[in-house]
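What follows is a set of notes on a single structure, which appears directly below.
Read-outs: derived from the displayed coordinates by stated rules, not from any lab. Owing to the predicted nature of the structure, the values given are computational and were not obtained by experimental measurement. Positions of Cβ are generated from backbone atoms using ideal geometry, with glycine treated the same way; all protein chains shown enter the neighbour counts.
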């Protein structure tokens, strides 16, 4: 059989079993240490963001009140190449949960909301959600009140969250690949003479909390990406490895 390899993607996973706060950002011996020193500079440069809270939620500790869930985000970074090829480092055992409301308590929602008790609002062990064994890094953003609810408001929350995650990504980039918990190779392959298969995925692109980001600088990232709304909701073709590597970021 004639085959042509278009792209090779290597994803290296580093498992984290504990998250703690400290004076520096570090990943060592399965422990992710996060510094909160960078929170004030993020607040200083974004007038729409009034407060950011970061907390660690251990598995099973879900009996707590939260603002509406804006996103569940994996922590991944490009080490070599562009999205869909090269080398990506990712953290397992930890997912980020972004929640948000304005300073008057208005939730960051359009149709339906998910504020309330976390144990009733988050379904675990589903595609795109943490497992019941994962640690949740909870980032809650309080936004300026009395504003018109539009994309710039929700975008401010996503941007602030991304800036926090980028500090962790920079540490993840420097991890020695030989220390990875597991490593996987994926190939985009053309098989001559075989059927051509296209998977069609319909995504949202109609409002402040119904948006999708494409081709960000980092896997499942925010900076550098383009909104599907700004692209006129036109069809976009992704390779299997681009999709696998987080080229599509659902912001709903």
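Taking a temperature of 10 °C and a viscosity of 1.306 mPa s, what whole-number D in µm²/s does Stokes-Einstein yield for region 138-209 with Rh from Kirkwood over alpha carbon pairs?
Diffusion coefficient, whole number: 91 µm²/s.
List 184, 138, 89 from most exposed to least, where exposure is judged by having the fewest other Cβ atoms within 10 Å.
If I rank by nearby Cβ atoms, fewest first, I get 184, 138, 89.
Taking neighbour Cβ counts within 10 Å as the exposure measure, how do 37, 211 sort from fewest upward?
Taking fewest neighbouring Cβ atoms as first place, the list is 37, 211.
With springs only between Cα atoms under 10 Å apart, run a GNM on the chain and tell me which of 70, 175, 231 wobbles the most.
Largest GNM mean-square fluctuation: 231.
Using the eigenvalues of the Cα gyration tensor, what equivalent ellipsoid semi-axes result for region 159-247 when each is taken as the square root of five times the eigenvalue, whole Å, largest first?
In descending order the semi-axes read 26, 24, 8 Å.
With springs only between Cα atoms under 10 Å, which of 92, 181, 77 fluctuates most in a Gaussian network model of the chain?
181
Taking every eigenvalue of the Cα gyration tensor of region 72-158, multiplying by 5 and rooting it, what semi-axes result, largest first, whole Å?
Those come to 28, 19, 10 Å.
If you build the Cα gyration tensor of the chain and take the root of 5 times each eigenvalue, what three semi-axes come out, in whole angstrom, biggest first?
30, 24, 17
What nm value, rounded to one decimal, do you get for the distance between residue 63 and residue 170 when each label is placed 7 Å out toward the C-beta?
Result for the modelled spin labels: 4.0 nm.
Of 222, 187, how do they rank once you tally other Cβ atoms within 10 Å and put the fewest first?
187, 222
Could you work out the mean projected area of the convex hull around the alpha carbons of region 4-77, in square nanometres to one decimal?
8.6
Only Cα pairs within less than 10 Å get springs; with that Gaussian network setup on the chain, which residue of 214, 83, 238 has the largest fluctuation?
238
Over 16 Å apart: what share of the alpha carbon pairs of region 213-252 falls there, rounded to a whole percent?
So the pairs more than 16 Å apart make up 28 percent of the total in region 213-252.
Counting only DSSP beta bridges with both residues in the chain, what percent are antiparallel, rounded to the nearest 5?
Roughly 65 percent of the beta bridges in the chain run antiparallel, per DSSP.
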